[in-house]
Amino acid sequence: MLDTIEEIQTRFEAGGYIADRSLATSVHLARTLGKPIFLEGEPGVGKTELAKVMAGVLGSELIRLQCYEGLDVHNALYEWNYLRQLLEVRMQEARGVEKGQIGRNIFSDEFLLERPLLRAVRWEGPAPAVLLIDEIDRADEEFEAFLLEVLSDFQITIPEIGTIKSRQTPFVVLTSNRTREVHDALKRRCLYQWIDYPDMEKEWRIICTKVPGIGDQLSFQICRFMELLREEEFYKRPGIAESLDWARALLALGIEELAPDIVADTLSCLLKYKSDQEKLTGERLLKAIAVSRNFKAGLTLAGGSTAI
Ligand SMILES: Nc1ncnc2c1ncn2[C@@H]1O[C@H](COP(=O)(O)OP(=O)(O)OP(=O)(O)O)[C@@H](O)[C@H]1O
Ligand SMILES: [Mg+2]
């Protein structure tokens, strides 16, 4: 299963994810070499989704560690359930357990709160779990150093219990939006893959897969319009998530092709900053719509860009 690059592309597509060859190759290599895959790219280009789809394709579990500033080892690895421990001690006291014996069992598995990294290390299959370490750039550098250790040997030591070694190394996906550079030492342990905004053909395939019922004319025009938009200097350029939202919105409104009023009214699906919306008005907006409407799919899919 998933032994070739083509098979990865096919299975991913069946799971609703369009992977181009270079991405599918990285997934293939990550599996064969047993290395984590490190995905970087603009927001909304499919980094998190890849891990979700991989878990679906493997028929396994997605174990997600969402990173944020201040994330520490306890939130990532394990914590002791202090409340249960306290209760246990009180109950033992009430039962009249001998003083020296009270609380002897409270540092055992029963009182452990498993967090994502421990869950991943203890995972036993049958298929490998997918460990998603999402938005690592948001975590502090100390956490990154700690992660480096875990990813190197996939074992965790809990002083009161002992060392737990992974029986089945998970498929690890790390993602970053590049709000800061991730340390080279971490990148070195991973296969690095940059995910760019999709070309028109890829975006078209994604829209057709994710928005069933959308007509060719509208989907082609949306893709061309998105391509034009991404050539602009916006504060936040729209990703695939925005194209999909827009496509769904237009379909829900019964629109068959782009027109100035409807685009102006639905621009909020694409541009989430007032300053960006203000940039795309008047002549500029009309030109982008005209270029998109003139777009002839077969002829222009590979064609050059027409800046607006
Ligand atoms: N290649 C793809 N095939 C199918 N759907 C895709 C693809 N890329 C992105 N999507 C869709 O786009 C949306 C955004 O994807 P996702 O959340 O993975 O982006 P992201 O890169 O993790 O963004 P962020 O950095 O904001 O977290 C999802 O709804 C996902 O289904
Ligand atoms: Mg994401």
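Before moving on, here are some points about what is shown:
- Among the candidates 142, 93, 160, the residue that is at pLDDT 90 or above, away from ligand 2 (no atom under 16 Å from the Cβ) and among the charged types (D, E, K, R) is uniquely 93.
- Qualifying positions in segment 102-133 - in a strand (DSSP E or B) and in contact with a helix residue (DSSP H, G or I) (Cβ under 6 Å, 6 or more places away or on another chain): 130, 131, 132
- One residue from 24, 51, 30 being within 13 Å of ligand 1 (Cβ to nearest atom), buried (at least 20 other Cβ atoms within 10 Å of the Cβ) and closer than 21 Å to residue 119 by Cβ: 51
- Qualifying residue in segment 152-174 (condition: touching a Leu at 6+ places or on another chain (Cβ under 9 Å) and within 14 Å of ligand 1 (Cβ to nearest atom)): yes
- Any hit, segment 237-252, residues being assigned by TED's automatic domain parsing to the domain that holds residue 275 and over 18 Å from residue 271 (Cα atoms): yes
- Total residues in segment 1-21 satisfying the condition of being under 30 Å from residue 270 (Cβ atoms), crowded, with 18+ Cβ neighbours inside 10 Å and out of contact with any Lys or Arg (no Cβ under 8 Å at 6 or more places or on another chain): the figure is 3.
- Residues being within 16 Å of ligand 2 (Cβ to nearest atom), in contact with a strand residue (DSSP E or B) (Cβ under 9 Å, 6 or more places away or on another chain) and over 28 Å from residue 210 (Cβ atoms) are represented in segment 61-82 by at least one member.
- Qualifying residues in segment 172-181 (those that are in contact (Cβ under 8 Å) with a residue 60 or more places away in the chain and within 15 Å of ligand 2 (Cβ to nearest atom)) - the one surrounded by the fewest Cβ atoms within 10 Å (Cβ to Cβ): 178
- Scope segment 115-136; condition more than 19 Å from residue 68 (Cβ to Cβ) and away from ligand 1 (no atom under 16 Å from the Cβ); matching residues: 121, 122, 123, 124, 125, 126, 127, 128, 129
- Pairs where the first residue, in segment 206-221, is in contact (Cβ under 8 Å) with a residue 60 or more places away in the chain and the second is aromatic (Phe, Trp, Tyr), C-beta under 7 Å, 6+ apart: 220/204; 220/295; 221/295
- Residue that is farthest from residue 182 (Cα to Cα), among those in segment 140-167 that are in contact (Cβ under 8 Å) with a residue 40 or more places away in the chain and of a type in the set (D, E, K, R): 160
- Close pairs from segment 30-42: first closer than 14 Å to residue 4 by Cα, partner modelled with pLDDT under 95 and acidic (Asp, Glu), Cβ under 9 Å, at least 6 apart: 31/3; 32/3
- Of the residues in segment 35-48, not one is more than 16 Å from ligand 2 (Cβ to nearest atom) and surrounded by fewer than 15 Cβ atoms within 10 Å (Cβ to Cβ).
- The set of residues from segment 213-264 being more than 16 Å from ligand 2 (Cβ to nearest atom), in contact with a Phe, Trp or Tyr (Cβ under 7 Å, 6 or more places away or on another chain) and not β-branched (Val, Ile, Thr) comprises 219, 220, 221, 223, 224, 230, 235, 258.
The values are calculated or read from the model by the stated rules, or taken from the named source; none is laboratory data. Keep in mind the model is a prediction, meaning the values are calculated, not measured. As a convention, Cβ positions derive from the backbone with ideal geometry for all residues, glycine included, and neighbour counts pool all protein chains shown.
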